[in-house]
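Colleague: My questions all concern the structure below.
The values are calculated or read from the model by the stated rules, or taken from the named source; none is laboratory data. All values derive from a computational prediction rather than experimental measurement. Every residue, glycine as well, gets a Cβ built from its backbone with ideal geometry; the counts of neighbours run over all protein chains shown.
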Amino acid sequence: KESARQILREEGISGRKPIVGVNPGASFGSAKRWSKERYAGLLDQLAYEQETDIVIFGSAAEVDIAKAIATGMRHPPVILSGKTTLSDLIALISCCDLFITNDSGPMHLAAALQIPMLAIFGPTDEIATGPTSVKAVVIKKKVECSPCLLRECPIDHRCMAGISVEEVYCHAVQQLQKIRA
C-alpha cells in the first residue's frame, strides 16, 4: 500500500482530503458506461462541494474516456488510466475512501477490498454480476428493456440516461459522511 501512497503523492494527492476513485470505463461495451458528461459533472461537484481528490482509473484503451471527463471538469482530476499494473490498481483502490464505477472488473476489486462504493448499472443484471460487498450501493433504473446484456444500446440508452448526476451525488455524499463520522 505504501507504493500506492507514493504514486498518489507523486500525482499531488497528500491524503488530507477524501480520495474518490473512479472507473468510468467498462471493457464489455459502451452500453455499460454512464456518460462522460455526467461523470464530469459529478466529479466536479464532489471535488468542489465535498473537497475531495479525484483519481480516474482505467485501462490503456480507456485513456480517452478519462481525458474527455477531465476536459469537462473545472477541478482537474488525477488520471491513472493506462498507467497502472493490476497490483498497482489493487493497492490504489485500497487507498480510496469512495469508489465510483460502472459494472466492471475494478468494481469487483473494490468490493473484495470492502471499499465504500457506488456501482452504476444499466444493461447488466446487478443480482448476477453486482458487487458482493455490504459497503456497495448499486444505482440502477428499472426500464423495460433491462437487463438486455447488449454491448451497444440499439435505442436510447435509457437505463443509464435515467441515472442523474444529482442521484449519484446524493449517494456519494451519504457514503462520504459515513467515513467522516
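Colleague: Does Met107 satisfy the condition of being buried (at least 21 other Cβ atoms within 10 Å of the Cβ) and touching a Phe, Trp or Tyr at 6+ places or on another chain (Cβ under 7 Å)?
Modeller: no
Colleague: Take Ala26 and decide whether it is outside any loop (DSSP other than H, G, I, E, B) and surrounded by 16 or more Cβ atoms within 10 Å (Cβ to Cβ).
Modeller: Answer is no for this residue.
Colleague: Let me ask another. Cβ-Cβ distance below 9 Å, separation of 6 or more or different chains: which pairs start in region 4-21 with a residue that is in a helix (DSSP H, G or I) and end on one that is surrounded by fewer than 12 Cβ atoms within 10 Å (Cβ to Cβ) and among the small types (Gly, Ala, Ser)?
Modeller: Leu8/Ser14
Colleague: Can you name every one of the strands (runs of 3 or more DSSP E) wholly within region 71-181 that holds 2 or more residues which are in contact (Cβ under 8 Å) with a residue 40 or more places away in the chain and farther than 25 Å from Gln6 by Cα?
Modeller: 117-121
Colleague: Provide a single number: the residues in region 152-167 that are at pLDDT below 85 and surrounded by 13 or more Cβ atoms within 10 Å (Cβ to Cβ).
Modeller: Qualifying residue count for the region: 6.
Colleague: Looking at (1) aliphatic (A, V, I, L, M); (2) part of a helix (DSSP H, G or I); (3) buried (at least 16 other Cβ atoms within 10 Å of the Cβ); (4) over 14 Å from the mean Cα position of the chain (by Cα), find the lone condition where Ala61 falls short.
Modeller: (3)
Here's the yes/no breakdown for (1) among the aromatic types (Phe, Trp, Tyr); (2) modelled with pLDDT under 90; (3) within 18 Å of Met73 (Cα to Cα):
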| site | (1), (2), (3) |
| --- | --- |
| Leu8 | no, no, no |
| Lys32 | no, yes, no |
| Glu37 | no, no, yes |
| Asp44 | no, no, yes |
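Colleague: Same structure, new question: Name the residue, out of Ala61, Ala66, that is at pLDDT below 95 and not polar (S, T, N, Q).
Modeller: Ala61
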